[in-house]
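Encoded as structure tokens, the structure appears first; notes follow it.
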Amino acid sequence: AQNPGARRKSKRLRAKTDASGDARETLPIFRIGNSLALGRSLNPRALANGQCLHKERNTGWFCLEQADWPAQMAREIGKSNDRTRGAAIIVQYKNWKAVRIYSSIPSDTYEGAVKYYSELLGPATKITRDQLPRLGDKALSNPSSSWIKTWSGAGTEILEIRKFDNIRGLMASETRGLIRLFKENSDPIFSLLSDTDLILHQLRAKNMKR
């Protein structure tokens with residue numbers, strides 16, 4: 001017969017395993033990199049380091065952050081680990097919580113990014129095949145794949161991968177695509193922020209460090 005001490009130890013181990021399983025189930029599955037998920041808190045260190053800018057009242061903070069991509073993703077969407085892991089990500093925070101995350105990727109890595117997220121999350125919820133008009137040239141096919149998840153009490157999150165970025169700036173890019181993660185009905189980052197804002201912010205931050 002098993003002694004009482006062994007039974008108590010076994011029970012504690014089972015409880016610890018069950019708790020670990022619960023923790024894994026509650027981890028956010030929609031994310032960019034290993035750590036950038038909606039609802040994450042704004043790190044005060046990012047503010048102190050000059051990574052963030054405040055555009056205007058009620059728009060929150062926009063911070064330039066890093067995507068800690070798993071090795072598989074780094075191989076799939078980047079020509080090297082340095083290029084992928086070092087790419088700046090724009091995260092929008094409102095009420096000190098992330099509501100939108102945007103990452104630029106090379107257009108020719110669209111298929112690799114879709115494959116990675118399909119293996120991570122399952123098949124895309126929605127696939128569209130829009131056309132990207134070009135002046136004096138044939139339109140390009142601009143596919144996008146989206147995963148949509150409604151969380152109990154937390155609203156709907158959408159993760160989208162698009163081959164050509166036609167939401168940033170006045171002209172669509174023919175070489176850059178995007179991965180973005182956002183809450184449904186939140187304002188798009190680039191309806192509030194421009195590349196000029198980012199350039200000026202980076203110049204100011206560089207001057208402050210001198």
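The values are calculated or read from the model by the stated rules, or taken from the named source; none is laboratory data. Model, not experiment: these values are computed from the prediction. So basically every Cβ, Gly included, is an ideal-geometry build from the backbone, and we count neighbours across all protein chains shown. The accessibility values were calculated without ligands, DNA or RNA, using every heavy atom of the protein model including side chains. Shrake-Rupley method; radii C 1.70, N 1.55, O 1.52, S 1.80 Å.
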May I ask which of Lys94/Lys149; Lys55/Lys126; Lys94/Lys115; Lys97/Lys163; Lys183/Lys206 have a Cα-Cα span longer than 26 Å here?
Lys55/Lys126; Lys94/Lys115; Lys97/Lys163; Lys183/Lys206
With a 1.4 Å probe and every protein chain left in place, work out the accessible area per residue of the range 140-191 in Å², rounded to a whole number.
49
Give me the one-decimal Kirkwood hydrodynamic radius in Å for the range 137-210, with the sum taken over alpha-carbon pairs.
14.9
Taking every Cα atom in the range 154-197, find the radius of gyration and the maximum pairwise distance Dmax, and write them in Å.
11.6, 35
Rounded to whole Å and sorted largest first, what semi-axes of the equivalent ellipsoid does the C-alpha gyration tensor of the range 80-210 yield via the square root of 5 times each eigenvalue?
25, 22, 16
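How much length, in nm to one decimal, is gained on full extension between Gln66 and Leu200, taken as 0.36 nm per residue of separation minus their Cα-Cα distance?
Values: separation 134, 0.36 × 134 = 48.24 nm, distance 1.95 nm.
Result: 46.3 nm gained on full extension.
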Pull out the extension gain between Asn185 and Ser152, defined as 0.36 nm times the separation in residues minus the alpha carbon to alpha carbon distance; nm, one decimal.
10.2 nm
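Can you compute the FRET efficiency between Asn43 and Asp137 using 1/(1 + (r/R0)^6), with r the Cβ-Cβ distance and R0 = 41 Å? Round to the nearest 0.05.
0.40
Subtracting the Cα-Cα distance from 0.36 nm times the residue separation, let me have the gained length for Trp96 to Met171 in nm, one decimal. Present the calculation step by step, with values, prior to reporting the outcome.
Numbers: separation 75, 0.36 × 75 = 27.00 nm, distance 3.13 nm.
Contour length minus Cα-Cα distance gives 23.9 nm.
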